[in-house]
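Okay, so here's the structure we're looking at.
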Amino acid sequence: MMDIAHRIEQINRHDRHVLSIFLTAGFPTNRNFIQLAVDILQAGADMLEIGIPFSDPVADGPVIQQSSQAALQNGVGLKEIFNYTKAIKQKVDKPVVLMGYANPLLHYGLKTFLDHAQQSGADGLIVPDVPYDEYHNFWNGQTTALPRILLTTPTSSPDRIKAIDETSQGFIYCVSVTGTTGDRNRINEKDVKVLSNTFRLIQNNKMLVGFGISNEQTIHQLKPHCDGFIVGSAVIRRLMDDNDCNSRNTLAYIGKLSKACNK
């Protein structure tokens, strides 16, 4: 298992912000998912987040919801996702983080899930619908070497941000705007100020910004206020539009984002 915090620190030291790409597991196709993930990491992504498909992804906008439904129809479950993770980690030496909602984890069994996730080579875990207030009750004393990454939002108070910073491992996922995931051309100045304040309060972790990151302009706009970026909906939408089985347009897009992450 890779030390995500150390890897992010290494990347930042080389005058670069981290680029993390979110993919829904098994989308667009089950058969080609492993190669797609490897291609995306080789196209310039520094990290990969594999989304566990769920029927009611409350934090996700329509694009990721659609991809999640398609993956479920493709028969993708946790066993397949652990196999994906293991295969990707054997091919590329970059962090892979699992991201999934509480219900599938509980149904699978928390201890079993954590054991299998760690055995697969996953480097971290994000559960977006388990907020800080419910964190300890949800995990109920379950210990694991697998870093569990928490989120802040624009409505998080300074005290809450500091508490999240004390608890989160690997990095902090900072939600840039209120609402669900989705493309936005630019983050408004009010939200930028909130991001800046959050970045200043976080002392123990690196901070990656997600929700609404979709172009080079937004990356340049937010560079002073974070250590890296998470891009999901914009990538999924391009995969939907990419008629080429090699996903060349999507990979070219990721290359542009990656270049923008250089200082």
Of all residues in the range 93-112 being in a helix (DSSP H, G or I) and within 18 Å of the chain's Cα centre (by Cα), which is surrounded by the fewest Cβ atoms within 10 Å (Cβ to Cβ)? 102
Does the range 168-189 contain at least one residue that is closer than 30 Å to residue 83 by Cβ, acidic (Asp, Glu) and outside any loop (DSSP other than H, G, I, E, B)? no
Out of 15, 46, which single residue is in contact (Cβ under 8 Å) with a residue 40 or more places away in the chain, out of contact with any Asp or Glu (no Cβ under 8 Å at 6 or more places or on another chain) and over 15 Å from residue 231 (Cα atoms)? 15
Among residues of the range 29-46, those that are in a loop (DSSP other than H, G, I, E, B), crowded, with 21+ Cβ neighbours inside 10 Å and not acidic (Asp, Glu), counted: 1
When both residues are 6+ apart or on different chains and their Cβ atoms are under 7 Å apart, which pairs have a first residue that lies in the range 222-234 and is more than 25 Å from residue 63 (Cα to Cα) and among the aromatic types (Phe, Trp, Tyr), and a second that is at pLDDT 95 or above and not in a strand (DSSP E or B)? none
Identify, from the list 233, 196, the residue that is modelled with pLDDT under 95 and over 20 Å from residue 95 (Cβ atoms). 233
Filter result (at pLDDT below 95 and either in a loop (DSSP other than H, G, I, E, B) or among the β-branched types (Val, Ile, Thr) (or both)) within the range 237-263: 242, 243, 244, 245, 246, 247, 263
Restricting to the range 132-168, and then to whatever is surrounded by fewer than 17 Cβ atoms within 10 Å (Cβ to Cβ) and of a type in the set (S, T, N, Q), can you tell me which residue is nearest to the chain's Cα centre (by Cα)? 167
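The values are calculated or read from the model by the stated rules, or taken from the named source; none is laboratory data. The structure displayed is predicted, hence computed values, not measured ones. Glycine also receives a Cβ, built like all others from the backbone with ideal geometry; neighbour counts cover every protein chain displayed.
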